1. Could you check how many residues of segment 186-200 are within 9 Å of the ligand (Cβ to nearest atom) and open to solvent by 20 Å² or more (accessible area, probe 1.4 Å)?
2. Among the candidates Thr185, Thr157, Thr168, which residue alone is out of contact with any strand residue (DSSP E or B) (no Cβ under 9 Å at 6 or more places or on another chain) and modelled with pLDDT of 95 or more?
3. Of the conditions (1) within 15 Å of the chain's Cα centre (by Cα); (2) open to solvent by 60 Å² or more (accessible area, probe 1.4 Å), Arg92 clears all except one; give me its number.
4. If I ask for residues that are touching a residue at least 24 places away in the same chain (Cβ under 8 Å) and open to solvent by 10 Å² or more (accessible area, probe 1.4 Å), which ones from segment 155-165 would you list?
5. Give Asn175, Asn203 a once-over and let me know the one that is closer than 22 Å to Glu45 by Cα, at pLDDT 95 or above and more than 11 Å from the ligand (Cβ to nearest atom).
6. From the list Glu56, Glu34, Glu50, which one is assigned to a helix (DSSP H, G or I), surrounded by fewer than 21 Cβ atoms within 10 Å (Cβ to Cβ) and within 15 Å of the ligand (Cβ to nearest atom)?
7. Mind listing whichever residues of segment 103-123 are closer than 17 Å to Lys146 by Cα and touching a strand residue (DSSP E or B) at 6+ places or on another chain (Cβ under 9 Å)?
8. Search segment 74-89 for residues that are closer than 19 Å to Leu58 by Cα and pair each with any residue that is acidic (Asp, Glu) and open to solvent by 30 Å² or more (accessible area, probe 1.4 Å) when their beta-carbon atoms are under 7 Å apart and the residues are at least 6 apart or on different chains.
Amino acid sequence: MSVADNLNRLKNQIGNEATLVAVSKTKPNEMIMEAYEAGHRHFGENKAQEMQAKAEQLPKDIQWHFIGHLQRNKVKYIIPHVHLIHSVDSLRLLKEINKRAANEERVVDVLLQVYIAKEESKFGLDEEELKEILDGEDVKASQNIKIVGLMGMATNTENQETVKREFTYLKDLFNQLKDQYKFSTLSMGMSNDYEIALECGSNMLRVGSLIFGERN
Ligand SMILES: *Cc1c(COP(=O)(O)O)cnc(C)c1O
């Protein structure tokens, strides 16, 4: 199956319920262009300099999503290019994004990443930290960022009930906050759990290997 075939199959399945972010990390520009020529515009990367290089080389109407753990000293590389940062997990990172966005005279949309998995290795905020950020004075003073929703990664397990429980928790949290904070976007679901994520109310999927093949 070609990249275009994979994309079409997925898009038919998803319909209008969710935006599909094609996760192109580690994949070459040629493969991204195959998807681009099939009409796709949303791509996801998890390394700042890799996103920067690809954004500089590829068409300017691509909407780049930053989905990985972001270090503060790397923020500057992505700010001129990024459409949405999915992985904000601290106030310090948020403030750095705001500062760099102000330098570029732009407003950057971000999602707050919530910790929903039972794995040590996954980043994210708990509910209390999330509310502290949302209600804090720092965010109110940050004119160059806009928090537009939440992102989460479920436990990497065969157990569908676990995944479903974690996504449902995040969806409930999203529903609870969305009117007050004007949230639009709930980013959850990857290649191995996007169907469950859709069932649980995701409206943005981050899918890599099902589109571009396995990574090394
Ligand atoms: C790599 C990655 C994905 C995509 O993973 P696949 O299993 O290839 O679909 C989604 N989200 C994040 C945060 C990632 O790092």
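1. 3
2. Numbers: Thr185 fails: out of contact with any strand residue (DSSP E or B) (no Cβ under 9 Å at 6 or more places or on another chain); Thr157 fails: modelled with pLDDT of 95 or more.
Just a single option satisfies the conditions, and that option is Thr168.
3. The one condition Arg92 does not meet is (1).
4. Within segment 155-165, Thr155, Asn156, Gln160, Thr162, Lys164 qualify.
5. Matching residue, one of Asn175, Asn203: Asn203.
6. Working: Glu56 fails: within 15 Å of the ligand (Cβ to nearest atom); Glu34 fails: within 15 Å of the ligand (Cβ to nearest atom).
Within the list Glu56, Glu34, Glu50, the selection yields Glu50.
7. Result: Val107, Val108, Asp109, Val110, Leu111, Leu112, Gln113, Val114.
8. Cβ pairs passing all conditions: Ile79/Glu104; Pro80/Glu104; Leu84/Asp109.
The values are calculated or read from the model by the stated rules, or taken from the named source; none is laboratory data. Note that the structure is predicted; figures quoted are calculated from it, not measured. All Cβ positions, glycine included, derive from the backbone under ideal geometry; neighbour counts span all protein chains shown. Surface areas here come from the heavy atoms of the whole protein model, side chains and all, with no ligands, DNA or RNA. Shrake-Rupley method; radii C 1.70, N 1.55, O 1.52, S 1.80 Å.
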